[in-house]
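What follows is a set of notes on a single structure, which appears directly below.
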Amino acid sequence: MPRRLLSFACLVVVLVGCARSGPVATTVGTAAGGTAAGTPDASATRPATASASPEASATPTPSAPARVDCTKLKCVALTFDDGPGPQTPTLLATLVDKKVPATFFLVGRMIKQHPATARRIAQTPGMTVANHTMIHPMLTRIAAARAAAEITDNTKLIQKTTGVKPRYFRPPYGLHNNRTDAVAKKLGQAVVLWSAGALDWQYDTPAKIVEVTLPQITPGAIVLAHDIHPWTIKAVPSLIAKLRAKGYTLVSLDDILRNPRAGNTYSRGLH
């Protein structure tokens, strides 16, 4: 080949290679993902200082988990309320490592403290962000307009912070009524309670949390825990291992509820 043509061909190759090495767009991926007696959804939320937050640490992001048929398997869904907290990234790393999906019911005031963690949850395949009001009030004991604002404003904040519109709503303390359910329905959110409580607002040791949670588990269980408590985060690996040893499959709310209707209330899933 003549030298001029050879030089021209090399230049074309270099230019094409540069064009392909430009910025790559990042796609934000989301995945699906009865009140237990005496189990308040305690938001004695202890907002921690930002300096204690490991938000800048790296968390591996796996591919989205395969869908599961919970009419054929013993399914359990893990849910975490009142965060994101300063140690939520540690919990998230554990869930990713164990290949366990989970749902995080976020409180607006905590999102404002840990926006990077809220975004990370939303961007991690298998994890779901959900609505838990702005400041965690008892919705049935405040004015209807204020209750509606609590639900609506947090929906907007979650969407603004994470880019994800939440499809699930959990009323603080499990307290809801027709008015709050109507707001959730308008926003396209199913009302999700729980059937098993970790009681981590009452007990502060990992072993005790696992001990009190396991007897409440039956197929279709939705577990309530709180990612604002360090003892809960430490309990999760053991809880996962013991559930799996009993033949349970850890799944998302999407799998365990399968096409829930907005405004309807669910405390258990398919079984």
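Only the coordinates and a few stated rules stand behind these numbers; no lab work does. Just so we're clear, the structure is a prediction, and the values are computed from it rather than from any experiment. So basically every Cβ, Gly included, is an ideal-geometry build from the backbone, and we count neighbours across all protein chains shown.
Using Cβ counts within 10 Å as a stand-in for footprinting exposure, how do Leu73, Leu187 rank, fewest first?
So the ranking, lowest neighbour count to highest, is Leu73, Leu187.
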Residues Ile217, Ile209 arranged by fewest to most Cβ contacts within 10 Å
Ile217, Ile209
Per Stokes-Einstein, at 4 °C and 1.567 mPa s, what whole-number D in µm² s⁻¹ belongs to the stretch 172-271, with the Kirkwood radius over Cα pairs as the hydrodynamic radius?
89 µm²/s
Neighbour counts of other C-beta atoms within 10 Å: give me Glu150, Glu211 arranged from fewest to most.
Glu211, Glu150
Proximal aspartates and glutamates to Lys72, defined as alpha-carbon separation beneath 18 angstrom and excluding residues fewer than eight positions away on the same chain
Asp254, Asp255
Using the alpha-carbon centroid of each, what span in Å lies between the stretch 108-138 and the stretch 200-271?
18 Å
Filter the cross-link list Lys185/Lys246; Lys74/Lys98; Lys74/Lys160; Lys185/Lys208; Lys99/Lys246 down to pairs whose alpha-carbon distance in this structure exceeds 29 Å.
Lys185/Lys246; Lys74/Lys160; Lys185/Lys208
How high is the FRET efficiency between Ile142 and Ser238 when r is their beta carbon distance and R₀ equals 41 Å, given to the nearest 0.05?
0.60
